[in-house]
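Here's the structure, in structure tokens; my notes come after.
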Amino acid sequence: MIVVTGATGNVGRALVDRLLAAGRPVRALTRDPARAGLPGRAEVVAFRPDDPAALFAGATHVFLYVQAVTAPLLAAAREHGVRHAVLLSSGLVQEGADETHPIHVMHATAEQHIRDSGLAWTFLRPNGFATNALQYAPQIRAGGDTVRGVYAGALSAPIHEDDIAAVAERVLLDDGHEGAVHRLTGPAAIGNAEQVAAIGDALGRKLTFVEVDPAEAGPDLFPHVPPGMLGRLLDSVAQTVGTPPEITGTVEELTGTPARAFDRWARDHAADFRP
């Protein structure tokens with residue numbers, strides 16, 4: 001049995017689908033099973049850390065997202081037979097990183113809890129997610145031809161969430177990944193303005209990126225970013241303007257299939273940008 005936390009998230013849902021397709025039993029943990037909309041073949045269980053037997057009994061592997069990680073939860077997983085924990089961490093955790101950055105602190109702390117747990121572990125450290133472009137969806141669904149955002153020339157190599165899930169599948173099903181750290185990116189650099197143009201192409205529309213002064217950026221442009229974290233996020237994005245991003249071949253090395261480019265992600269998610 002493989003336990004997947006965050007099973008209704010972008011990566012978790014894709015991973016559940018992949019594991020079921022591979023014929024593996026999956027226990028999908030979610031806060032609200034009634035509204036999860038997960039496949040019927042998955043064992044969907046409410047994520048209640050106070051009932052560890054319901055979460056982990058009979059399981060050997062667990063896929064974790066960072067907010068789920070606590071020392072007591074890991075101890076309970078080990079007590080109930082889990083041997084291997086795979087964490088969806090962050091590319092911000094690396095040598096020479098700003099260790100005061102809140103995203104770094106969150107993920108590095110989770111990694112340390114797992115190292116201290118006695119479980120075998122594997123850390124997946126993706127850089128920017130292609131799904132971050134969903135921040136533009138409200139503007140695009142409204143029907144205009146311009147999209148406001150910060151730093152048109154900020155470069156990243158955004159990764160498709162299903163490519164992360166494909167790597168997680170291999171790490172969970174194949175031997176030899178214990179103690180490994182896998183850095184994950186998309187296959188090519190693309191700027192923010194180019195991302196918006198690619199979304200427009202997927203929709204059959206011509207969209208134009210309009211750069212906004214970062215000092216004027218707020219919740220309307222970053223609705224999913226906690227206010228206390230927005231300033232540090234904008235600082236991080238500013239550092240990527242004109243700077244070639246890290247690009248790894250890890251997705252292809254581990255899955256045998258090249259990572260998908262952003263335009264493919266835009267086509268896969270075109271419905272998310274339509275009214």
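All of the numbers you see were taken from the coordinates with simple rules; none came from a lab. Just so you know, these numbers come straight off a predicted model, no measurement behind them. Neighbour counts are summed over all protein chains in view; Cβ atoms, including those assigned to glycine, are modelled from backbone coordinates with ideal geometry.
With respect to the chain, whose longest principal axis is taken over its alpha-carbon atoms, helix 192-203 is tilted by about 90°.
Convex hull volume of the Cα atoms of the range 203-275, normalised per residue: 165 Å³. Over the C-alpha atoms of the range 1-126, the Rg to Rh ratio, Rh being the Kirkwood estimate, stands at 0.97.
Here is the list for the range 147-197: GluC sites (Glu not before Pro) lying in DSSP coil, each with at most 16 other C-beta atoms within 10 angstrom of its C-beta, are Glu178. For the range 105-167, the equivalent ellipsoid built from the Cα gyration tensor has semi-axes of 34, 13, 11 Å, listed from largest to smallest. Across all Cα atoms of the range 152-275, the radius of gyration (one decimal) and Dmax (whole number) stand at 16.5, 49 Å.
Packing here is the average count of other Cβ atoms within 10 Å per residue, and on that basis the peptides 235-244, 197-206, highest first, run 197-206, 235-244.
Here the sum of -39500 (n - 2.57) over DSSP H runs of 4 or more residues, divided by the residues of the chain, equals -10000 deg cm²/dmol at 222 nm, to the nearest 500. For the range 43-147, GluC sites (Glu not before Pro) are listed when DSSP marks them as loop and at most 14 other Cβ atoms sit within 10 Å of their Cβ; the list is Glu95, Glu99. The tail of the calculated P(r) for the range 126-225, taken as Cα-Cα distances beyond 19 Å, holds 51 percent of the pairs.
Sparse packing (at most 16 other Cβ atoms within 10 Å of the Cβ) combined with a DSSP loop state is found for the following GluC sites (Glu not before Pro) in the range 221-266: Glu246.
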